[in-house]
Amino acid sequence: MPHTSQTLRALWPLALLALFGLWMPACANEAGTIVTSGNRYVIPATEEPLVQCLPTEPPRKWAVVIGVNWYKDERIPDLGGAVNDAWAFYHYMASPSGGGVNPYRLKLLLNDEATRENVEGALGNFLGQACPQDQVIIYFAGHGAPEPDRPDDAFLLVHDTNLDNMVGSAISMQRLPEFLEWRAGSAGNLLLLVDACHSGNIAFPGKRGFVKGKDDVARASVVIDNLNKAVDGKKGWGAISATAPDQLAGESTASCELGGKPYAGGIFTCNVLSGLSGNADGNADGRVTLSEVYEYTKAQVNLASDGAQSPQLSGSLDLDVEMSIPATQQVAIPVVPERYLLESDPHALRPWIWVSAGLTTAALGGALAFNLAANVAADELNKDVADTPGGLTSATWADRNAEVDSLQLTALIGYIATGSLAAMTATLAGWDLLDAPQDINDVYGLPPWFEITIQTTVKGQGAALNLKVEY
């Protein structure tokens, strides 16, 4: 007799739809979008259309901004304000009322984004597009440290720096100039802003480590010395460090305000931003030059730290280079996304989600394979029953029918497993979504962290008139 029970043919389209729906959200989330809100924005694109580096082209500004609070290597102490500093500096530079840097020529790397691969890519490939007349700014907030076995060589420690292999996982400050000349050497004006001399006992493997307080200063001295050497003799290159060689960088707490609020970050960056916003325009010509920013920052940091911290300028960068043009507007700095302030992985469930999704796909694939085998076996059985005179023997039919039923049962078990695993995947994904910290795209609809009021000074007849524009 023919095999009359229908196989799981109707589940084929449903199964394929389930598989498509399982992977569709992951694919959809990969697309980048431009996020804008007034003068606050982050653009995920890494480059703009290429332009020819003709001498007649006007100079452009480029900036790479790096901030690291959290380090993968637990022997490296975490920081509290480096991400805030980098985030605020980036958004000031991106604002048309602030630094006026086209966001396509800005690169922001924070915490887990600031890996050695990404940092070298930003310094090499990204800045490699700059022309000789362009101005390049590299800002780094994080740890700096010498290698214990070779204390003359200092490194900038990025998120994935491994103290067992600093040469292979950190940014060597001795090799940085060579690297920049090789990759971005066409840039005639390059400024390094480095806030890397924080207090923190780094426990080097197999070493006694630094004694907190005493040897932190020795470490800072090596970092500053290397920074000075990095720009020494490079025409048009300069550096401003947050401290002198025998000092440590401090947090601002209540010693510096921006937008009428105590700034939660470094004293150095707070005063750099304050100076750039117009407060450094000492000669009231409506321009803020590098010299004015440095002199203002040094004086204010000295004052705020009671002389314990004094920024240093080195190199041969043109001190009259224009850093910003104060305008009668405010620069809004958005709230720092929560994901950058969390020490733990903001998406700790993601690996389990992908494992569950992979098992779901495997279960679905197996179920579909057994479903197909059952359909083929049932069709062959029915064909043989129809083509055999007198029909198949009862024993033969029973054996082959049992084979079809077994394949159907296995396929059904596979579909049940697929449903269970898909439900687990959806639960994990929903949990991850609901528990996800505020992301970079979420903060632009919120009130800003603070707003910097631009202060413009206009010289008048025999006197200076200070105009503070309030909104």
Tabulated pairs, region 128-139, first more than 11 Å from L190 (Cβ to Cβ), second surrounded by 21 or more Cβ atoms within 10 Å (Cβ to Cβ) and modelled with pLDDT under 85, C-beta under 6 angstrom, 6+ apart or interchain: G128/A184
One residue from K235, K261 being closer than 23 Å to L317 by Cβ, touching a strand residue (DSSP E or B) at 6+ places or on another chain (Cβ under 6 Å) and surrounded by fewer than 17 Cβ atoms within 10 Å (Cβ to Cβ): K235
Taking region 138-163 and keeping residues surrounded by fewer than 21 Cβ atoms within 10 Å (Cβ to Cβ) and either in a strand (DSSP E or B) or touching a Cys at 6+ places or on another chain (Cβ under 6 Å) (or both) leaves E147, R150, P151, D152, D153
Under the condition of being among the polar types (S, T, N, Q) and at pLDDT 85 or above, which residue from region 362-395 is farthest from A422 (Cα to Cα)? N382
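Please pick out the residue among W237, W182 that is out of contact with any helix residue (DSSP H, G or I) (no Cβ under 7 Å at 6 or more places or on another chain), aromatic (F, W, Y) and either outside the structural domain of E120 (by TED's automatic domain parsing) or modelled with pLDDT of 65 or more (or both).
Values: W237 fails: out of contact with any helix residue (DSSP H, G or I) (no Cβ under 7 Å at 6 or more places or on another chain).
Only one candidate qualifies: W182.
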Quick one: count up the residues across region 376-394 that are more than 19 Å from Q408 (Cβ to Cβ) and part of a helix (DSSP H, G or I). 3
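So, in region 419-471, exactly how many residues are of a type in the set (V, I, T) and at pLDDT below 65?
Going through region 419-471 one residue at a time, the tally reaches 4.
Residues to consider are D387, D405; find the one that is surrounded by 12 or more Cβ atoms within 10 Å (Cβ to Cβ) and among the acidic types (D, E).
Numbers: D387 fails: surrounded by 12 or more Cβ atoms within 10 Å (Cβ to Cβ).
Of D387, D405, the one residue that is surrounded by 12 or more Cβ atoms within 10 Å (Cβ to Cβ) and among the acidic types (D, E) is D405.
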Exactly one of A154, A86 is among the hydrophobic types (A, V, I, L, M, F, W, C) and modelled with pLDDT of 95 or more, and that one is A86
If we ask which residues in region 331-361 are surrounded by fewer than 16 Cβ atoms within 10 Å (Cβ to Cβ), modelled with pLDDT of 90 or more and not hydrophobic (A, V, I, L, M, F, W, C), their number turns out to be 1
Is it the case that region 300-314 has a residue that's of a type outside the set (A, V, I, L, M, F, W, C), at pLDDT 85 or above and in a helix (DSSP H, G or I)? yes
Checking the condition surrounded by 15 or more Cβ atoms within 10 Å (Cβ to Cβ) and modelled with pLDDT of 85 or more, which residue from S291, S324 passes? S291
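Taking region 60-119 only, how many residues are part of a strand (DSSP E or B) and either out of contact with any Gly (no Cβ under 9 Å at 6 or more places or on another chain) or closer than 21 Å to F179 by Cα (or both)? Break it down stepwise before answering.
First, pick out the residues of region 60-119 that are part of a strand (DSSP E or B): 61-67, 106-110.
Now narrow it down to the ones that are either out of contact with any Gly (no Cβ under 9 Å at 6 or more places or on another chain) or closer than 21 Å to F179 by Cα (or both): 61-67, 106-109.
Within region 60-119, residues that are part of a strand (DSSP E or B) and either out of contact with any Gly (no Cβ under 9 Å at 6 or more places or on another chain) or closer than 21 Å to F179 by Cα (or both) number 11.
The values are calculated or read from the model by the stated rules, or taken from the named source; none is laboratory data. These numbers come from a predicted model, not from an experiment. Note: ideal-geometry Cβ built from the backbone for every residue, glycine included; neighbour counts use all protein chains shown.
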